[in-house]
Amino acid sequence: MIIALDGPAGAGKTSTARAVAKGLGYFYMDTGAMYRAITLAVLNESESYSEVDAARISDAVSVDVRYIQEQMLVLLNGEDVTELLRTPWINKHVSTVSSFKAVREKLVDIQRSVARHMIDEGYGVVVDGRDIGTVVFPEAACKFFMIASPEVRAQRRYDELLGQGKPADYDEILQNVNDRDAIDSGRDVAPLRQADDALVLDTSTMSFKEQVSQVINTVLERQEQHDV
Ligand code: DC
């Protein structure tokens, strides 16, 4: 069974998806990390890239996912780059790189084949991203669209960075959240959009525990009703 979790940056998808996967004994696939890996490959060559450059680099590199216990690792040309993907540098460029058609086509193929493998092996998978319920797995048994106001999302990110002892500037983070929303929602290929059959979860006033149990309970109800 595939559970799709889409929504804008900072709505709580990744942490929720991880906890839901753990609670249900499913695998978790972080598709944002895959777009970040290609972005890293592009930036390693140059910060001033065109769509043609990005397409060439994306075509030349290999992106794989590996699981060590429950943790998903991203391999770029065979090298584990997981720890290099959540930086302000990548945050600044990832929405642009992920708006390019060739990059999306490559990663959507990989995402489908990883999920197919898991399903064939008898596992369920929780997948988070922007286009999972609309484009990658429109057949997903359960779809959620997680939202929260830009201010709430920026504040969460700000608190998270401070909690990690890292420097953080709230206004800069809010600007990045708004910029990424505009690019992710406005792009031509697979824009961020709620699937018609997705359940909307506004996490602005929900606790983390509430988000996770709402998703898990909905999945379990759906399984009971439809025997999926
Ligand atoms: O979820 P994230 O913040 O790690 O995603 C990073 C970027 O990748 C985000 O700005 C949009 C893009 N992305 C996408 O276009 N499609 C996906 N399925 C996942 C992420």
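The values are calculated or read from the model by the stated rules, or taken from the named source; none is laboratory data. The structure presented is a predicted model; accordingly, all values stated were derived computationally and were not measured. Positions of Cβ are generated from backbone atoms using ideal geometry, with glycine treated the same way; all protein chains shown enter the neighbour counts.
Go through segment 134-151 and report how many residues are within 14 Å of the ligand (Cβ to nearest atom) and out of contact with any Leu (no Cβ under 8 Å at 6 or more places or on another chain).
Selection size over segment 134-151: 7.
Tally up the residues in segment 62-93 that are within 16 Å of the ligand (Cβ to nearest atom), part of a loop (DSSP other than H, G, I, E, B) and modelled with pLDDT of 95 or more, please.
2
Can you tell me which condition Val127 does not meet? The list is (1) assigned to a strand (DSSP E or B); (2) farther than 24 Å from Ile2 by Cα, and all the others hold.
(2)
Give me the residue from segment 31-43 that is in contact with a strand residue (DSSP E or B) (Cβ under 9 Å, 6 or more places away or on another chain) and more than 24 Å from Val215 (Cα to Cα) and, out of that set, farthest from the ligand (Cβ to nearest atom).
Ala41
So which residues in segment 129-150 are within 18 Å of Lys13 (Cβ to Cβ) and of a type in the set (Asp, Glu), if there are any at all?
Across segment 129-150, the qualifying residue is only Asp131.
Under 7 Å between Cβ atoms, which residue pairs at least 6 apart in sequence (or on different chains) link something in segment 17-33 that is within 11 Å of Glu70 (Cα to Cα) with a partner that is polar (S, T, N, Q) and at pLDDT 95 or above?
Met29/Gln111
Which of the following residues is at pLDDT below 95, polar (S, T, N, Q), out of contact with any helix residue (DSSP H, G or I) (no Cβ under 6 Å at 6 or more places or on another chain) and within 23 Å of Met72 (Cα to Cα): Gln211, Gln164?
Result of the check over Gln211, Gln164: Gln164.
Does Asp53 satisfy the condition of being surrounded by fewer than 18 Cβ atoms within 10 Å (Cβ to Cβ), away from the ligand (no atom under 15 Å from the Cβ), more than 30 Å from Val215 (Cβ to Cβ) and touching a residue at least 12 places away in the same chain (Cβ under 8 Å)? Give the steps one after another, and end with the answer.
On the way: surrounded by fewer than 18 Cβ atoms within 10 Å (Cβ to Cβ): yes; away from the ligand (no atom under 15 Å from the Cβ): yes; more than 30 Å from Val215 (Cβ to Cβ): yes; touching a residue at least 12 places away in the same chain (Cβ under 8 Å): no.
In short, no.
For segment 94-105, how many residues are charged (D, E, K, R) and either within 11 Å of the ligand (Cβ to nearest atom) or buried (at least 18 other Cβ atoms within 10 Å of the Cβ) (or both)?
Going through segment 94-105 one residue at a time, the tally reaches 1.
If a residue must be over 18 Å from Met1 (Cα atoms) and either touching a Lys or Arg at 6+ places or on another chain (Cβ under 7 Å) or surrounded by 15 or more Cβ atoms within 10 Å (Cβ to Cβ) (or both), how many such residues does segment 31-50 contain?
Matching residues across segment 31-50 total 13.
Among the residues of segment 16-30, what is the count of those that are within 11 Å of the ligand (Cβ to nearest atom) and surrounded by fewer than 24 Cβ atoms within 10 Å (Cβ to Cβ)? It would help to see each step written out before you state the result.
Of the residues in segment 16-30, the ones within 11 Å of the ligand (Cβ to nearest atom) are 17, 29-30.
After this cut, where a residue has to be surrounded by fewer than 24 Cβ atoms within 10 Å (Cβ to Cβ) as well, the list is 30.
Of the residues in segment 16-30, 1 are within 11 Å of the ligand (Cβ to nearest atom) and surrounded by fewer than 24 Cβ atoms within 10 Å (Cβ to Cβ).
Pairs needed: first member in segment 3-16, among the small types (Gly, Ala, Ser); second member anywhere, modelled with pLDDT of 95 or more and within 9 Å of the ligand (Cβ to nearest atom); C-beta distance under 6 Å; at least 6 residues apart or different chains.
Hits for this filter: Ala4/Val127; Ala4/Ile132.
Have a look at Thr39, Thr14 and point out the one that is at pLDDT 95 or above, of a type in the set (Ser, Thr, Tyr) and in a helix (DSSP H, G or I).
That would be Thr39, the only listed residue that is at pLDDT 95 or above, of a type in the set (Ser, Thr, Tyr) and in a helix (DSSP H, G or I).
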